[in-house]
Amino acid sequence: MSAAARAPTAGSAREALFEEETLGKAYDARLLRRLWPFVAPYRRQVTLTILFLFPLLLFELAPAWIVKTGLDHIIVPAATGKPAPEGAFLGPLRAPSGFPPLLWLAGVYFAFSMANGAFTYLDEMIMGSTGQSAMRDLRAAVFDQLQRLHIGYFDTVPVGRLVTRATNDVENVAEMFSAGFVALMRDVLRMLGIAVALFLVNARLASYAFLVVPVIAVIAALFRLKVRAAFRSIRVRIARINAYVQENVTGMKVVQLFTREPRNTRDFDAMNADHRDAWLQSIRYDAALFAAVDLASSLTTAVVIWQAAGLAAAGTIYVFFDWMRRFYTPLRDLSAKYSVMQSSMASCERIFQLLDTPPAVQDRPGARAPERGPLGRSGAVEFEHVWFTYGAKQGEKEPDWVLRDVSFRVEPGERVALVGATGSGKTTLIKLLSRLYDVRRGRILIDGVDIRDWPQSALRQRVAMVLQDVFLFSGTIAENIALERPEVGPEEVRRVAEAVHADSFVRRLPAGYDTLVRERGGNFSAGQRQLLSFARALAHGADVLVLDEATSSIDTETEALVQQGIHALMQGKTAIAIAHRLSTIEDVDRIYVLHRGRLVESGRHAELLARGGVYERLHRLQMAGRGVSAAAS
Amino acid sequence: MGPALSASAATVALPRVSGARSAWRRLARYIVRHPVYYGVWTAVTLAYTAGFVAVGRLVGWAVEGVAKGLPHAEVSRRVVWLVAVIAGSAVLRFYSRTLVFNAAREIEYELRNDLFAQLLRLPQSFYGRWRTGDIMSRCVNDTNAVRLLMGVAVLNILQTPVLYVAVVATMLARNARLALFVLLPYPLFILVARAIGRRVHHWSLLTQEGLGEASNQLQEVISGIAVVKAYAMEGVTRRRFDQVNDALWQRQLGLVRTNAAMPGITLLLPALAVSLILVIGGGDIVAGRMEVADFFTFSFYVFQLAFPTFIMGWVVALVQRGAASMQRIDELLSVTPSIAEPRDPVPISALRGEIEFRHLDFRYDSSDAREPALRDVSLRVPAGTTLGVVGSVGAGKTTLASLIPRLFEVEDGKVFVDGVDINRLPLATLRRHIAMVPQDSFLFSATLAQNIAFGRPDAPRAEIERAAQRAQLAKDVADLPNGYDTLVGERGVMLSGGQRQRTALARALILEPSILVLDDTLSAVDAETEAAIQRELDAVFRGRTVVVVSSRVSAVRGADQIVVLHDGRIVERGRHEELLRAGGLYARLSREQAAEQGAAEELALAGAGS
């Protein structure tokens, strides 16, 4: 493992560095098309909210018309003594006989407003839940992709960043539904509807009212550009500040040790001031946009009044006030929506970048698992001239090979041990066998079939791997052993635990097999964790076992149990074990000695001892060490 | 409407040391620094309110001109007035927003600078007690919440009541009965909005929790991805994730449902008011008790007041959250740094490098009920000699090393450098002449050259390269995409453990310190490179003091003096051969490690031979 400096490509490093700083377009058709499959299952809801626009528009426009009716037909004639204009009350606006007409109108007005409120509520509900549902699916898709990617990917991308993709980024995309693209589209449609209605009521007055609109549109567009630029620099700067603080807090020891405080204070102040200044600028633009929209809507009011003289009645003026106000409202929070769009699009882009990363280890089309033979007859493992490197693609120069031309064969039911110094490639070798990585040259066969021709899931059903650092999931002990395989019931869990000598310590726990694993197994000793992983491997029912014996000194209490556990686990399986304590492996069928990625010696324990080579010297050293520690304790 | 809901998630961190009063007092100190902003803003706000009231009256007046069919000249005159006042109001509105928002940004800026300065002052013991996440949340979320409090919240909290008073007064003067009817629902509405706001808050907390659970699951799966794949557990983990994902989705739907109520209810408020104006006001006009103008004036007011009323519930929440955040910031700023410049520093500008510990007991104050990390440690390292410190994990080696550059506070009279109590040495002098390479070899997101020159930002390139050479890093640099200008650290190229350690070493070497402290610095460096570094250090540091802390006996073999720590005590001391002969803990460690390391060396020989 320690061998390779897994330097990612220059491209991904750049991506990592500037990630927060790329704030692209607010609208990207390509990305929206990519997003469509996630929205498509909910297209009925989307269609519904679009259809909702019409009743909503009606309910929004009708109330002002009702006031107009009241003003023109009842109130103004009474106040000025002028006769009411021609034309009857629109259908439902005529009060039933004997009912006070103004009270009737007020009632209808309120009823329409209630309907408007109800529809708005439904609309928001459908819109919001559609967004959230689509996002749930997107989150699941990100999760699936993460599980598909090969292990090497996780060596190059920090965990935190991947978690962000499935959480914060997805949340950002959801915003697109509530406040972003969809809202923007609907705003435009609404404004169009209102404009058409105004022209229908009084075309001349409407054309005067809309005199201001082009002006305000130009102003809004100008400010939008300014605000956009300002927002971009703000986001870049705040990201920089947060990253800087985070880094200083994490590395404070180094900062203080190297008396960097004055310099870092200066640097921070500069960043902080930059951020503030960017904000001050954006506040100016934003307030100007606010004021301009305000001014425009008020000026429209003035123009309408001025032109209405002799042209229209008071009621019409009221309608214009009300509708124009509704027309201008969306313009006001345009800048807010715009920035939401930007960050949604950026998140969207990042998510799809992750989804588009091709997994380096993939099932071949038509991959099929060979039949599993009877126990003891299946599980032959063969390495044929295997070469491997963690480094980038080969080509530039001689890569940093971790395994060089490794060939060996293990017969079904045979037990072999791998021996070698740290960095000699032992761990890599067993990871290749589970196909966590793919070999670079040569091939690995199980039962005569290249493991790349197996479906990964089938391969891993047949190969059980026990790694040095045991990973326990949150859940109970039983769950960690069974890993939710239906065929492993409570009895089977107990049976395998007993077989690997884990049962005795588990039963001593207050909750037994239902004891919860805390913080990745922090409530168990290293030895106990090992025993649990043996039980897990045994329950897996594989016929090939690969095992990386723990180097970390295990408490003497469990040490003996672990040794017995390993023996029990290997029983009847093709077993490849990495041994750190040579005493474990004295009775294995064959021992392979790895050095710098090459096999340098092989044979049985006694043969290797007799040969007087590397293995013999290693063995002598370890025995001496044991003797001393035994004497000391 | 985007209430900053994330801030509240981190509100449950530490017991409240300083109360709300201290927080408000501190905030007041920031506010009074900006008298011009707030003074001018108050004047502007009052003027704007007057303009607002006037616009409402002028609208009515102008419309009445049309309704009554007055001559066009008269209508035009009224419209000109209206336009003039509108234009003035827009300008005032612009300033009332920018002034208060700018002030908020200035305060945010000052707050953030003060927080950062405080972070730089706080000692390592603080960072042992406080979690990074908590500190970050105070610097990011809480400054944000205070900024919202000082900006949007202050703007509305002060402006809306003034607007209300002015509008109510005008309406009462025009038609008291109608005014009462129309305004009645408004205060009621604030209560409704607050109730909904509380529901929203409740659901967003749940949503935040759900998000947290989802990230935990993800984190777990990614950390255990090897096991997930090896045991073909993808289906299982997917089902587990689906559960969390669905729970999160349910909560988000709850939030959507609550949020959805807001806009609908908001538009009902002016609707109710207008229907009342229609029936009561209309009736009054028909009866001759009211002018047509007032119909428009009243309508104008009820619509204009709806939005500020609508956001009052949110504003109140902002104030509460801002206050809580200010308290959390105040807590952090109120921590007194326990390591500060000595009050009567001994004026020393250079160090010879003698180190002495006298009967030193040390206990971390962060973890309660823990054993002392060091007990009765007495030790003298003459200037220019090498000290080796060995022992197993938890023996106190790192603690001992960290006390030399005064990373943790010790009592007076325990640790001396050049015969002077380190508590009386100027911090800058002490740390400039002691270079420590800590265990974790943390690198910053900067170029490799900047990282090496961290303690001497102005070091010439030649010296940077020499330091890299000495740390056996130079040949790795050639493989990096941009050599010394390659970005490293969290956001740059990922260096291997050994490369990071050698960079950290180069960072210390460039200081040319009098005392070099290496805390298990070369654990990830292979034996060959380690030997090369050792040779280099022997040459460079001849005549300087070096403290080598290691769990590996091989790293301290050549030291002038070796101490073996066990449970915080020095249990053996002497030179390598002496300790081996003594046959104690050191000898045992040495043999055990020889077996493991010997394997590597033997194999290296075999490999070379074959």
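The values are calculated or read from the model by the stated rules, or taken from the named source; none is laboratory data. Note that the structure is predicted; figures quoted are calculated from it, not measured. Cβ atoms come from the backbone with ideal geometry, glycine included; neighbour counts cover every protein chain shown.
Kindly evaluate residue A:113 against the criterion of being within 9 Å of chain B (Cβ to nearest Cβ), in contact (Cβ under 8 Å) with a residue 60 or more places away in the chain and either over 30 Å from residue A:433 (Cα atoms) or not in a helix (DSSP H, G or I) (or both). Criteria not met by residue A:113.
Of all residues in region B:74-97, those being within 42 Å of the chain's Cα centre (by Cα) and either facing chain A (nearest Cβ under 7 Å) or over 15 Å from residue A:301 (Cα atoms) (or both) number 8.
Of the residues A:48, A:105, which is part of a helix (DSSP H, G or I) and at pLDDT 90 or above?
Of A:48, A:105, the one residue that is part of a helix (DSSP H, G or I) and at pLDDT 90 or above is A:105.
Across region B:527-545, the number of residues qualifying as hydroxyl-bearing (Ser, Thr, Tyr) and in contact with a strand residue (DSSP E or B) (Cβ under 7 Å, 6 or more places away or on another chain) comes to 1. Being in contact with a helix residue (DSSP H, G or I) (Cβ under 7 Å, 6 or more places away or on another chain) and either exposed (fewer than 15 other Cβ atoms within 10 Å of the Cβ) or under 23 Å from residue B:97 (Cβ atoms) (or both) holds for only one residue in B:172, B:184, B:178, B:191, and it is B:172.
Can you find, within region B:423-438, the residue that is surrounded by the fewest Cβ atoms within 10 Å (Cβ to Cβ) among those that are more than 10 Å from every other protein chain (Cβ to nearest Cβ) and assigned to a loop (DSSP other than H, G, I, E, B)?
If we take residues in region B:423-438 being more than 10 Å from every other protein chain (Cβ to nearest Cβ) and assigned to a loop (DSSP other than H, G, I, E, B), then B:426 is surrounded by the fewest Cβ atoms within 10 Å (Cβ to Cβ).
Residues in region B:440-493 that are without any contact (Cβ under 8 Å) to a residue 40 or more places away in the chain and part of a loop (DSSP other than H, G, I, E, B): 11 in all.
Among (1) more than 8 Å from chain B (Cβ to nearest Cβ); (2) farther than 27 Å from residue A:432 by Cβ, which single condition is residue A:150 missing? The failed condition is (2). Among residues that are of a type in the set (Val, Ile, Thr), more than 7 Å from chain A (Cβ to nearest Cβ) and assigned to a helix (DSSP H, G or I), residue B:200 is included. From the list A:291, A:278, A:296, the one residue that fits, being of a type in the set (Gly, Ala, Ser) and facing chain B (nearest Cβ under 7 Å), is A:291.
Looking at B:583, B:574, B:598, B:609, which one is at pLDDT 80 or above, more than 39 Å from the chain's Cα centre (by Cα) and within 13 Å of another protein chain (Cβ to nearest Cβ)? Reasoning before the result, please.
Working: B:574 fails: within 13 Å of another protein chain (Cβ to nearest Cβ); B:598 fails: at pLDDT 80 or above; B:609 fails: at pLDDT 80 or above.
Among B:583, B:574, B:598, B:609, only B:583 is at pLDDT 80 or above, more than 39 Å from the chain's Cα centre (by Cα) and within 13 Å of another protein chain (Cβ to nearest Cβ).
Take residue B:264 and decide whether it is surrounded by fewer than 22 Cβ atoms within 10 Å (Cβ to Cβ), in contact (Cβ under 8 Å) with a residue 24 or more places away in the chain and part of a helix (DSSP H, G or I). Answer is no for this residue.
Assess whether residue B:105 counts as being among the basic types (Lys, Arg), within 27 Å of residue A:263 (Cα to Cα) and either at the interface with chain A (Cβ under 7 Å from one of its Cβ atoms) or surrounded by 22 or more Cβ atoms within 10 Å (Cβ to Cβ) (or both). Here the answer is yes, as residue B:105 does meet what is asked.
Looking at region A:532-548, can you tell me whether even one residue there is touching a helix residue (DSSP H, G or I) at 6+ places or on another chain (Cβ under 6 Å), in a loop (DSSP other than H, G, I, E, B) and free of Cβ contacts under 8 Å to residues at least 12 places away in the same chain? No.
Under the condition of being within 10 Å of chain B (Cβ to nearest Cβ), assigned to a strand (DSSP E or B) and surrounded by fewer than 22 Cβ atoms within 10 Å (Cβ to Cβ), the residues counted in region A:420-460 number 0.
No other residue among A:289, A:225 is buried (at least 21 other Cβ atoms within 10 Å of the Cβ), over 30 Å from residue B:427 (Cβ atoms) and of a type outside the set (Ser, Thr, Tyr) apart from A:289. Scanning region B:531-547 for residues being at pLDDT 80 or above, small (Gly, Ala, Ser) and over 17 Å from residue B:384 (Cβ atoms) gives a total of 1.
Of all residues in region A:116-147, which are of a type in the set (Ser, Thr, Tyr) and either more than 8 Å from chain B (Cβ to nearest Cβ) or under 17 Å from the mean Cα position of the chain (by Cα) (or both)?
Selection gives A:130, A:133.
Checked against the criterion of being of a type in the set (Val, Ile, Thr), part of a helix (DSSP H, G or I), facing another protein chain (nearest Cβ under 9 Å) and closer than 23 Å to residue B:317 by Cβ, the candidates B:140, B:152, B:100, B:146 yield just one match: B:140. When you check residue A:616 against the structure, is it modelled with pLDDT of 85 or more and either surrounded by 18 or more Cβ atoms within 10 Å (Cβ to Cβ) or within 13 Å of another protein chain (Cβ to nearest Cβ) (or both), yes or no? When the stated conditions are applied, residue A:616 does not pass them. Taking residue B:69, is it closer than 22 Å to residue A:314 by Cα, surrounded by 21 or more Cβ atoms within 10 Å (Cβ to Cβ) and either within 14 Å of another protein chain (Cβ to nearest Cβ) or modelled with pLDDT under 90 (or both)? Against the criterion (closer than 22 Å to residue A:314 by Cα, surrounded by 21 or more Cβ atoms within 10 Å (Cβ to Cβ) and either within 14 Å of another protein chain (Cβ to nearest Cβ) or modelled with pLDDT under 90 (or both)), residue B:69 does not qualify.
Among residues that are surrounded by fewer than 19 Cβ atoms within 10 Å (Cβ to Cβ) and either without any contact (Cβ under 8 Å) to a residue 24 or more places away in the chain or part of a helix (DSSP H, G or I) (or both), residue A:198 is not included. For residue A:164, the conditions (1) surrounded by fewer than 21 Cβ atoms within 10 Å (Cβ to Cβ); (2) of a type in the set (S, T, N, Q); (3) closer than 30 Å to residue A:350 by Cα; (4) more than 9 Å from chain B (Cβ to nearest Cβ) are fulfilled apart from (4). Within region A:468-487, the set of residues being within 13 Å of chain B (Cβ to nearest Cβ) and either crowded, with 22+ Cβ neighbours inside 10 Å or part of a helix (DSSP H, G or I) (or both) comprises A:470, A:472, A:473, A:479, A:480, A:481, A:482.
When residue B:306 is tested against (1) of a type outside the set (Phe, Trp, Tyr); (2) in contact (Cβ under 8 Å) with a residue 60 or more places away in the chain; (3) within 13 Å of chain A (Cβ to nearest Cβ); (4) closer than 30 Å to residue A:73 by Cβ, only condition (2) is not met. When the criteria are applied in full, residue B:395 meets the requirement of being touching a residue at least 40 places away in the same chain (Cβ under 8 Å), in contact with a His (Cβ under 8 Å, 6 or more places away or on another chain), buried (at least 22 other Cβ atoms within 10 Å of the Cβ) and more than 22 Å from residue A:244 (Cα to Cα).
Test residue A:526 against the stated conditions and say whether it is within 13 Å of another protein chain (Cβ to nearest Cβ), exposed (fewer than 15 other Cβ atoms within 10 Å of the Cβ), modelled with pLDDT under 80 and out of contact with any strand residue (DSSP E or B) (no Cβ under 8 Å at 6 or more places or on another chain). Criteria not met by residue A:526.
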